[in-house]
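Engineer: Take this structure first; my questions come after.
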Amino acid sequence: MDILKLKSYLRKGTVIFRFEKVDGTIREMNGTLSKEFIGDENLPKGDSIAPSRNDNILVVFDVDASGWRSCRIENIKEVFDIELNEWIEFINE
């Protein structure tokens, strides 16, 4: 899976993915870019649903923590594919 496909899935619903944090630990996040799961009270002001000024950073709404989070795209390791019911390696190209 690549970043374009991941962002497409995030805009449609929630996606579980794993990434490496700055301290080296692996974190699992249930994220989304779908207004349906974010709620009006948590939408950012302005035109963009995911405000990021850096193309190397993925900004998503963490459904479980009810807040905006970010991670470096290069640190994303795996994405869970619900249809296949398995983890898929993330390829940053």
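Engineer: Of Leu33, Leu10, Leu6, which residue is open to solvent by less than 50 Å² (accessible area, probe 1.4 Å) and in contact with a helix residue (DSSP H, G or I) (Cβ under 7 Å, 6 or more places away or on another chain)?
Structural biologist: On inspection, the qualifying residue turns out to be Leu33.
Engineer: Could you check region 63-80 and list, in sequence order, the residues that are surrounded by 15 or more Cβ atoms within 10 Å (Cβ to Cβ) and in contact with a helix residue (DSSP H, G or I) (Cβ under 9 Å, 6 or more places away or on another chain)?
Structural biologist: Val63, Trp68, Ile73, Ile76, Val79
Engineer: Considering only region 60-93, state which residues are under 15 Å from Thr14 (Cβ atoms) and hydrophobic (A, V, I, L, M, F, W, C).
Structural biologist: Val60, Phe61, Val63, Ala65, Trp68, Val79, Phe80, Ile82 - these are the residues of region 60-93 that are under 15 Å from Thr14 (Cβ atoms) and hydrophobic (A, V, I, L, M, F, W, C).
Engineer: I've got another one for you. Is it true that some residue in region 69-77 is of a type outside the set (A, V, I, L, M, F, W, C) and part of a loop (DSSP other than H, G, I, E, B)?
Structural biologist: No, every residue in region 69-77 fails to be of a type outside the set (A, V, I, L, M, F, W, C) and part of a loop (DSSP other than H, G, I, E, B).
Engineer: Residue check, Met1 against (1) modelled with pLDDT of 90 or more; (2) crowded, with 16+ Cβ neighbours inside 10 Å; (3) under 14 Å from Phe90 (Cα atoms), all met but one. Which one?
Structural biologist: Failed condition: (1).
The values are calculated or read from the model by the stated rules, or taken from the named source; none is laboratory data. All of these numbers come straight from a predicted model, not from anything done at the bench. No Cβ is skipped: glycine too gets one built from the backbone with ideal geometry, and neighbour counts run over all protein chains shown. We work out accessible area using only protein heavy atoms, side chains counted, and drop any ligands, DNA or RNA first. Shrake-Rupley method; radii C 1.70, N 1.55, O 1.52, S 1.80 Å.
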